[in-house]
Amino acid sequence: MVTRAPEPREDTVIARQDLRRVACIGGGVIGGGWVARFLLAGIDVAVHDPHPDAERIVREVLANGQRAYARLTQAPLPAPGTLTFHATIEAAIAGADWIQESVPERLDLKRGVLAAIDAACPAHALIGSSTSGLLPSDLQAGLTRPGRFFVAHPYNPVYLLPLVEIVPGSLTDPQTVADAVALLAPTGMKGVPIAKEIDAFVGDRLLEALWREALWLIQDDICDVETLDDVIRYSFGLRWAQMGLFQTYRIAGGEAGMRHFLGQFGPALKWPWTKLTDVVDLDEALVEKIAAQSDAQNEGLSLRRLEEIRDENLVGILQALKGADEGRGWGAGKLLAAFEGDLWRKAQAASPDEDDPVPARLSARVEPSWVDYNGHMTEHRYLQVFGDTTDVLLRRIGVDAAYVEAGASYYTVETHLRHLGEARLGEDLACRTQILSFDDKRLHLFHVLTRAGIDEPIATAEQMLLHVDRASGRAAAAPEAVLSRLAGLVERQPSTTMPEGAGRAVSPAKRQSDHSPVHEQVSDRRH
Ligand SMILES: NC(=O)C1=CN([C@@H]2O[C@H](COP(=O)(O)OP(=O)(O)OC[C@H]3O[C@@H](n4cnc5c(N)ncnc54)[C@H](O)[C@@H]3O)[C@@H](O)[C@H]2O)C=CC1
Ligand SMILES: C[N+](C)(C)CC(=O)CC(=O)[O-]
């Protein structure tokens, strides 16, 4: 006799592999950040927030998120989801797979909002709360489907910081926690389940301890807010982005490691260094003192400018971490690499550029870290853009991550790069590729870099690549599938003639008068 597994009840069906529609209830600092995170992952988002300026605020946070993503990654982001605003909770949550509550931190208000969500939400939907400290068991009490409720506590800015503490209450179904972690992954987020519920969870417990102590240091005139921030950002703040507390202290224990560290510094915890259990009296005088010092610290910096600087710094840190550990990525950078890998795989599966007759195209923007002391894009970034464009072509002919993993790849063996103009900070660039020739081992390319929408070249690169067996490091014939894709691209590419500048060598310098203006020397070298 064949026994069939029981059909899952409707309210225990795992939501979906990927989220399609999310409802954000509350669109302030955190709700707006969630909106950006979900929309930029291609998910439709419906918002309900009674604030008269809610739509403007959400769209401003979204614009910040778009600006940050344009700098964060070259991977093909999906088309953003559709953003809609709704007058009622019921309208916003209709058809939602995930409902994220981000209303102000008041138990009574949150419970009222969650009751309204619970009464009308689709049976399969997960319900997350952004609360930074309220207990999930207190929030889920009284819900008709408490098993699908949990705390999903993010960090500001939600569109860039990947962590979400997933905290179940006593009535949360364990499957809900697993679903939440899985559903967040394609948005580039890391859902971290917290084993036991506790007020303020893990992150805010740590932050509050630090903040409490910081307020005492200001109150007691030990330092001002600028000094305190300097102490963090010039020292352990830099460490924390990449190794946290315990890994950092393990290293600080020297060769004897954590045991030695605990033995040496553990007893110091009994010295009265901190005032952690005392709460400073945030009276008018202290509030005024902190606010005045903070105003002085940030003179001339608007909130939006501070957000931009914060986002650019975070993007830089994430990108640095992506290249760490010999390119395998580290911490949040490893997660970014996985997110990008996923985006590339999805883009390949969808093959949106299949009809483009140009063999490869890439868009890029000149980032602050790309600009040198001459105020324009520095040399190696040109090679990066051309290399990334080559990668677009390689993926198009099937030389993708799986192909490389299987043991073969194309290696660049020669590049001739010509600088014909200057690319400046913030400019949008476009690179396109012509295949000059290929055979079973060689691939000869010509890239042209322009400003987006303008035809005049800023630079060109001619490259020769060899198909290589990675184990032996030697040239090897590419398989027929790759060669026939190349042939198809060559047949359809718009340009069939040798482009201007192809086949050029670097001309030897002619002796110049010491007084020749530089631009004359440069233009002379071009011809
Ligand atoms: N601001 C932060 O750094 C973080 C905040 N959180 C948590 O996120 C939640 C929201 O905080 P913020 O975004 O900072 O507050 P916020 O004040 O910026 O935004 C709250 C939004 O909720 C809206 N709202 C009020 N009543 C509503 C209702 N009945 N239905 C729908 N929307 C309603 C308000 O109009 C406002 O736009 C809180 O639980 C907070 O603890 C979590 C992580 C970080
Ligand atoms: C201040 N806060 C408690 C609301 C902060 C958080 O919850 C997390 C964060 O982004 O720091």
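The values are calculated or read from the model by the stated rules, or taken from the named source; none is laboratory data. Owing to the predicted nature of the structure, the values given are computational and were not obtained by experimental measurement. When we count neighbours, we look across all protein chains shown, and the Cβ atoms used for this are built from the backbone with ideal geometry, even at glycine.
Restricting the range 75-108 to residues that are among the small types (Gly, Ala, Ser) and part of a helix (DSSP H, G or I) leaves a set whose member that is nearest to Val385 (Cα to Cα) is Ala92.
Among the residues in the range 38-60, are any within 16 Å of ligand 2 (Cβ to nearest atom) and at pLDDT 95 or above? No, that holds for no residue. Identification of helices (runs of 4 or more DSSP H) wholly contained in the range 307-409 with 1 or more residues that are outside the structural domain of Leu449 (by TED's automatic domain parsing) yields 332-350. Scan the range 135-156 for residues that are surrounded by 21 or more Cβ atoms within 10 Å (Cβ to Cβ) and either at positive phi or within 16 Å of ligand 1 (Cβ to nearest atom) (or both) and the total you get is 9.
Number of residues in the range 358-376 that are more than 14 Å from Arg485 (Cβ to Cβ) and either small (Gly, Ala, Ser) or more than 23 Å from the chain's Cα centre (by Cα) (or both) equals 9. Of everything in the range 114-165 that is touching a helix residue (DSSP H, G or I) at 6+ places or on another chain (Cβ under 8 Å) and polar (S, T, N, Q), the residue that is farthest from ligand 2 (Cβ to nearest atom) is Thr144. Considering the range 40-74, the residues that are charged (D, E, K, R) and near ligand 1 (Cβ under 10 Å from one of its atoms) include one that is farthest from Val385 (Cα to Cα), namely Asp49. Checking Leu206, Leu183 one by one, the residue that is surrounded by fewer than 17 Cβ atoms within 10 Å (Cβ to Cβ), within 29 Å of the chain's Cα centre (by Cα) and either more than 15 Å from ligand 2 (Cβ to nearest atom) or not acidic (Asp, Glu) (or both) is Leu206 and no other.
Selection within the range 166-178: residues that are surrounded by fewer than 22 Cβ atoms within 10 Å (Cβ to Cβ) and under 29 Å from the mean Cα position of the chain (by Cα). The member of this set that is farthest from ligand 2 (Cβ to nearest atom) is Gln175. Among residues of the range 93-105 that are closer than 12 Å to Leu134 by Cα, those with a Cβ under 7 angstrom from a residue that is of a type in the set (S, T, N, Q), sequence gap 6+ or separate chain, pair up as Glu105/Thr131; Glu105/Ser132. Here Ala502 does not qualify as farther than 30 Å from His376 by Cα, part of a loop (DSSP other than H, G, I, E, B), assigned by TED's automatic domain parsing to the domain that holds Ser409 and touching a residue at least 24 places away in the same chain (Cβ under 8 Å).
Selection of the range 431-465 for residues being more than 27 Å from Thr378 (Cβ to Cβ) and of a type in the set (Ser, Thr, Tyr) yields only Ser437. The set of residues from the range 86-113 being within 16 Å of ligand 2 (Cβ to nearest atom), within 30 Å of the chain's Cα centre (by Cα) and surrounded by fewer than 21 Cβ atoms within 10 Å (Cβ to Cβ) comprises Pro104, Glu105. Reported count of residues in the range 186-210, each being more than 16 Å from ligand 1 (Cβ to nearest atom) and either touching a helix residue (DSSP H, G or I) at 6+ places or on another chain (Cβ under 8 Å) or in contact (Cβ under 8 Å) with a residue 40 or more places away in the chain (or both), is 5. Checked against (1) touching a Lys or Arg at 6+ places or on another chain (Cβ under 7 Å); (2) more than 30 Å from Lys334 (Cα to Cα); (3) loosely packed, with under 15 Cβ neighbours inside 10 Å, Trp216 meets all criteria but (3).
Across the range 118-134, the qualifying residues are those that are touching a residue at least 60 places away in the same chain (Cβ under 8 Å) and within 10 Å of ligand 1 (Cβ to nearest atom), and the one among them that is surrounded by the most Cβ atoms within 10 Å (Cβ to Cβ) is Ser130.
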